[in-house]
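Shown next, in structure tokens, is the structure this report addresses.
The values are calculated or read from the model by the stated rules, or taken from the named source; none is laboratory data. All values derive from a computational prediction rather than experimental measurement. Note that each Cβ is placed from the backbone with ideal geometry, even for glycine, and that neighbours are counted across all protein chains shown.
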Amino acid sequence: MVAFLATILKSRGPVIASAHDRFQPSDAHPDAQMDDAMSIPVNDLSRSFNSHRDELTAAFERVTLSGRFVLGPEHDAFQSEFADFVGVNRCIGVANGTDALELTIRVLGEGRVGTVLTAANAGGYTTTAARRAGRAVSYADIDPTHLCIDAKLVEPLLDGVAICVVTHLYGYLAPVEQIVELCHDRGVLVIEDCAQSVGAQRNGRQAGSFGDAATFSFYPTKNLGALGDAGAIVTSNDEVANNLLRLRQYGWTSKYSIGIDGGRNSRLDEFQAAVLRTRLPDVALGNMRRREIIEHYAAAAEGTGLTMLPVTGEDHASHLAVGLTTSRDEVAAAFSAAGITTDVHYPIPDHKQPAFAKEYSDVHLLVTEEMARKVITLPCFPELNAAEIEKVCDVIRTL
Ligand SMILES: *Cc1c(COP(=O)(O)O)cnc(C)c1O
């Protein structure tokens, strides 16, 4: 298997050796030629795996030869390296970001009545997780400048709330400090959903270090992506961490002894942990590269019918390049005609999702609903090359 993987990984072109070269324009990649017919995807994961293939091959070999595939040394090392990265005491590896949310809601919600309050524009993950944890979900509207919740929007809605989930959407570190202060004053706990914001920081503090706990997804497209599903929870509260360790593995308090109810199997496997360890050191550089790409788009968009959401600086992991337009279909068609793929994150707010919209027929979130009609996502990933960025900018200037 190792030789097989090595062959696949090696067959993709020359080795890119230095860390600094990793996110350079990947002209060596066969899809990245400078011709008019080139098509530009929203994301191209093969490029990042290509530029990491030596370390990935080594990681696969290490895991395969170790004979440990679940909860082994790679998992232990990743948990401690990721806790250090975020600047918290504990990290618990889990199978994906939605499980991370569900388990954290279960543990923090223990002994508390009340709803989960969150934004309705973040793809429905928190809603899915909270409902699975047996919680009703209530929604706050979002700020039109960064599309996240803030303390002022949350403040009037805290009655009957047990947990507030702050999603750092598109990579932007929401004004979480004030939300935490307000919520703690009112006896409400805070979870940060950092699935899109790994590496975002403000005043030296990382996304995930502000709330009572924080959840991460390492789905392959995220800024720290595995080669499959993976996720993690971080917290500085040992009791919370220990309960999470139990719930992620059948509720066991010791082997084969189910000490707490509500457990499940949601573990981070050794291959994914090894991949994540390989890629963690590159998060900051990748985020910087993403910010640069969005800044190019924003400059090109000046005076056009497209407004890029601002990329503020280090507090933005720039996971997605999102613009606002009142004529999304036409804008998408213009990109498509130039061979450029676009997407919408996200077209359906949570309170309008067909599965539970009727529970929310009297809920109106004006900014959330307006933004669901206006947002459009443009290509943005660290290996996008200069010619491709310029081609996207050329189309932006015509809008
Ligand atoms: C991707 C994502 C999740 C869910 O992560 P999975 O690993 O796909 O379950 C949760 N929240 C946000 C904001 C996400 O972008």
Completion exercise
A careful count of residues in region 248-269 that are touching a residue at least 12 places away in the same chain (Cβ under 8 Å) and either within 29 Å of Ser318 (Cβ to Cβ) or more than 16 Å from the ligand (Cβ to nearest atom) (or both) gives 10
Completion exercise
Per the list (1) within 16 Å of the ligand (Cβ to nearest atom); (2) in contact with a Phe, Trp or Tyr (Cβ under 8 Å, 6 or more places away or on another chain), residue check on Val116 breaks on (2)
Exercise for the section: Return a yes/no flag: does region 203-219 have any residue that is under 30 Å from Arg277 (Cβ atoms), within 11 Å of the ligand (Cβ to nearest atom) and surrounded by fewer than 20 Cβ atoms within 10 Å (Cβ to Cβ). Expected result: yes
Problem - In region 87-113, the residues that are within 16 Å of the ligand (Cβ to nearest atom) and either out of contact with any Lys or Arg (no Cβ under 8 Å at 6 or more places or on another chain) or part of a helix (DSSP H, G or I) (or both) - result: Cys91, Asn96, Gly97, Thr98, Asp99, Ala100, Leu101, Glu102, Leu103, Thr104, Ile105, Arg106
Handout entry: Tally of residues being touching a residue at least 12 places away in the same chain (Cβ under 8 Å) and over 25 Å from the mean Cα position of the chain (by Cα) across region 336-359
Key = 2
Practice task
Report yes if Asp84 is at pLDDT 95 or above, surrounded by fewer than 22 Cβ atoms within 10 Å (Cβ to Cβ) and part of a helix (DSSP H, G or I), otherwise no.
Solution key: yes
Problem - Of residues in region 116-159 being farther than 19 Å from Ile348 by Cβ, surrounded by 19 or more Cβ atoms within 10 Å (Cβ to Cβ) and of a type outside the set (A, V, I, L, M), the one nearest to the chain's Cα centre (by Cα) - result: His146
Handout entry: Residue selected from region 124-148 under the condition in contact with an Asp or Glu (Cβ under 7 Å, 6 or more places away or on another chain) and assigned to a loop (DSSP other than H, G, I, E, B), by the criterion farthest from the ligand (Cβ to nearest atom)
Key = Asp143
Practice task
Return yes or no: is Leu227 closer than 30 Å to Glu61 by Cα and either crowded, with 18+ Cβ neighbours inside 10 Å or in contact with a helix residue (DSSP H, G or I) (Cβ under 7 Å, 6 or more places away or on another chain) (or both)?
Solution key: yes
Exercise for the section: May I ask you to list the residues in region 65-81 that are in contact with a Phe, Trp or Tyr (Cβ under 9 Å, 6 or more places away or on another chain) and either closer than 17 Å to Val234 by Cα or surrounded by 16 or more Cβ atoms within 10 Å (Cβ to Cβ) (or both)? Expected result: Glu74
Practice task
Hey, could you check region 220-244 for residues that are within 15 Å of the chain's Cα centre (by Cα) and not in a loop (DSSP other than H, G, I, E, B) and say which is farthest from the ligand (Cβ to nearest atom)?
Solution key: Val234
Problem - Hey, Leu324 more than 24 Å from Leu157 (Cβ to Cβ) and more than 15 Å from the ligand (Cβ to nearest atom) or not - result: yes
Handout entry: Restricting region 169-187 to residues that are more than 16 Å from the ligand (Cβ to nearest atom) and in a loop (DSSP other than H, G, I, E, B), the residue that is nearest to Ala130 (Cα to Cα)
Key = Gly187
Practice task
Could you check region 1-74 for helices (runs of 4 or more DSSP H) lying wholly inside it with 3 or more residues that are modelled with pLDDT under 50 and either over 28 Å from the mean Cα position of the chain (by Cα) or more than 22 Å from Ser318 (Cα to Cα) (or both)?
Solution key: 2-10
Fill in the blank from the handout: Picking from Val190, Val166, Val198, the residue that is within 13 Å of the ligand (Cβ to nearest atom), assigned to a strand (DSSP E or B) and at pLDDT 95 or above would be Val166
Exercise for the section: Show the residue pairs that are 6+ apart or on different chains and have beta-carbon atoms under 9 Å apart, the first residue being within region 121-135 and farther than 13 Å from Gly97 by Cβ, the second being within 10 Å of the ligand (Cβ to nearest atom) and among the aromatic types (Phe, Trp, Tyr). Expected result: Asn121/Tyr346
